[in-house]
Amino acid sequence: MKYFIIALLLLPLTAFAQSKWDGQWKSEIQNLDLYVVISNDGQDLKLTIPLQSIADLEADNAEISDDRIDFFYRAFDATFFGNMKGDSIIGTWNQGGIERDMIFTKSNDNLQFKRPQTPKEPYPYKVETIVTKKSELSPRLSGTLTMPEGDGPFPAVVLISGSGPQNRDSEFFKHKPFLVLADYFSRNGYAVLRYDERGIGLSGGKFKGATSEDLATDVESVVDYLKGRKEINAKRIGLIGHSEGGMIAPMVASKNKDVAFIVLLAGPGIPPKEIMKYQMTRQFGNLNLSSDGKKKMKLFVDEMFEILSSKQSNDKVIERYRQASDNFYLSLEKDDQQEFGVSHQQFYFSLAGTFFDAWMRYFLQYDPSIALEKVRVPVLALNGKKDRQVTAKQNIKGIKKALKKGGNKQFKTKCFKNLNHLFQTSKTGDASEYMGIEETFNEEVMHYITDWMNSIDLK
């Protein structure tokens, strides 16, 4: 699961500039390094935030002239107004009605992206752009189907991405893990369908407001599409889901008899609210808090997720959360308060926008064990031991417990040493490493999945 403080969409840019602006500029916001890269005589402006897996993000609008620069990101309601003064850009970042002073300075940090695993044409398999049928529950989805040469019928897999708006390659920091997976599996005899999520890329519908349950209906429409292809073996269609996709796959498999097997890549086995509680505690734990501040922070995180996961109306949840947030902030010593923001209003707004949309409310109330207990097809659940987002030990244990309780005896689990949440070889597993790692997806894991899919007995 990706970091959740800022949600983003890719949008177009217009800009007017002089070449003195060109270069890489760096600032910081809420302990996040933020880079703006201006190039092409000021005609291009792109944003990179490494800790949020954001790379080369174009603004909705940008205007640069003389000593003035303004740019705007509609998706997270953020605007920067600044002026060049000497060797710096000094201005104000306004997000959600909260203003922060911000200074950009020239940076030589290495933001280059080497991605040696990204496959290059010509491919030794067939590649086809497809569009699914629109239904009452699912919009038309556009995707890419890769198939081995020949007539088939071939076994097939559907790739289901993690949380947040994802294109068909599940792209982040120039990594394209679903392209890499599709290439590997199709070279090894499988048809693979990967697709732009609703409202993303060439797919119809709207992503904003869609819950995991809605996204599960999209997976079913993709499975229906594959069933109608004569080149596909309709009795061997499986689902491979990463992170939230590893939660959606059991949701679909538990009620859709056309799903033959599922592979869960860093899928949750415990309630998401517990996963997010861990993530939030860890994120706040990186702040320079006093011992008293740390104790209060842990109590606040517990209270926050108890409130956010309740089934009360949004208005009631917002009221309770606002009160809890204010009480926590105002109970802190001044030094601890400064770690969270300059005011209790700023602290509240820095988090509140994330937690009250339909997707988050559904996500925080969901228990993955319910669907897992109903899955009757073969299951492979894999994690990286250095996963810091969906921790391996807790979640694999939860998956095994639910499958056993449901009577499923056709499952296998494995944790891979030194792999992070994205199945990259990493030193610490922290999200700060994602951008700098050249490996897109560990080949040993791809080989392991392929061997398992080839070995399972589908009756």
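Brief remarks on what is shown
- Each Cα pair under 8 Å and six or more residues apart adds its sequence gap; the mean of these over the residue count of the range 272-363 is a relative contact order of 30 percent.
- Protection proxy ranking of 32-38, 248-254 - average other beta-carbon atoms within 10 Å, highest first: 248-254, 32-38
- Those lysines that a straight Cα-Cα span of less than 20 Å connects to Lys334, excepting residues fewer than 8 apart in one chain: Lys294, Lys295, Lys296, Lys298
- Summary value for the chain: 13 percent relative contact order, contacts being C-alpha pairs under 8 angstrom separated by 6+ residues.
- Calculated translational diffusion coefficient of the range 272-363 (25 °C, 0.890 mPa s; Stokes-Einstein with Kirkwood radius over alpha-carbon pairs) equals 182 µm²/s.
- DSSP assigns beta bridges within the chain; of those with both partners inside it, close to 70 percent run antiparallel.
- Taking the centroid of alpha carbons for each part, the range 68-91 and the range 109-157 are 38 Å apart.
- Of the peptides 60-73, 106-119, the order by per-residue mean of other Cβ atoms within 10 Å, starting with the highest, comes out as 60-73, 106-119.
- Residue-wise HN-Hα coupling along the range 268-275, computed from phi with Karplus coefficients 6.51, -1.76, 1.60 (Hz; x: Gly, Pro): x, x, 10, x, x, 4, 6, 5
- For the range 362-392, the list of trypsin sites (Lys or Arg not before Pro) that fall in a loop by DSSP and count at most 10 other C-beta atoms within 10 angstrom is empty.
- ³J(HN,Hα) computed for each position of the range 367-376 - Karplus, 6.51 cos²θ - 1.76 cosθ + 1.60, integer Hz, glycine/proline x: 10, x, 5, 4, 6, 4, 5, 9, 6, 10
- Alpha-carbon centroid distance for the pair the range 243-271 / the range 274-317, whole angstrom: 27
- Helix-derived mean residue ellipticity, 222 nm - over the chain, DSSP H n ≥ 4, -39500 (n - 2.57), to 500: -9500 deg cm²/dmol
- Of Lys20/Lys46; Lys227/Lys412; Lys26/Lys386; Lys133/Lys206; Lys386/Lys409; Lys46/Lys386, pairs whose Cα-Cα distance is over 20 Å: Lys227/Lys412; Lys26/Lys386; Lys386/Lys409; Lys46/Lys386
- Phi-based couplings in Hz for the range 240-252 (Karplus 6.51, -1.76, 1.60; Gly and Pro marked x): 10, x, 9, 6, 4, x, x, 8, 6, 4, x, 4, 6
- Between Arg115 and Arg187, the simple spin-label model (points 7 angstrom out along Cα→Cβ) gives 1.7 nm.
- Averaged over residues, the count of other Cβ atoms within 10 Å places the peptides 153-164, 92-103, 402-413 in the sequence 153-164, 402-413, 92-103, highest first.
- Once you reduce the range 397-447 and the range 166-182 to the center of their Cα atoms, the two points are 17 Å from each other.
- Cβ-based net charge around Ser203, under 11 Å, with every Lys or Arg adding one and every Asp or Glu removing one: +2
- Computed from the C-beta positions of Lys311 and Glu128, the FRET efficiency with R₀ = 35 Å rounds to 0.20.
- For the chain, the spread of Cα coordinates along the three principal axes comes to 69, 50, 44 Å, biggest extent given first.
- Each of Thr129, Thr48, Thr105 has some number of other Cβ atoms within 10 Å of its Cβ, and from fewest to most they run Thr129, Thr105, Thr48.
- Across the cross-link table entries Lys106/Lys393; Lys176/Lys414; Lys126/Lys393; Lys208/Lys401, which are compared at the Cα atoms, the separations over 31 Å belong to Lys106/Lys393; Lys126/Lys393; Lys208/Lys401.
- Here the convex hull built on the C-alpha positions of the range 204-267 has a volume of 84 cubic angstrom per residue.
- Between Asn233 and Asp258, the distance separating the two model label sites (each 7 Å from Cα on the Cα→Cβ line) works out to 1.8 nm.
- Across the range 19-106, the relative contact order, built from alpha-carbon pairs under 8 Å that are at least six residues apart, equals 20 percent.
- Lys412 long-range amide H proximity, modeled H, under 5 Å: Val379, Leu380, Ala381
Only the coordinates and a few stated rules stand behind these numbers; no lab work does. What you see is a predicted model; the values in this text were computed from it and never measured. Positions of Cβ are backbone-derived with ideal geometry, glycine not excepted, and every protein chain shown enters the neighbour counts.
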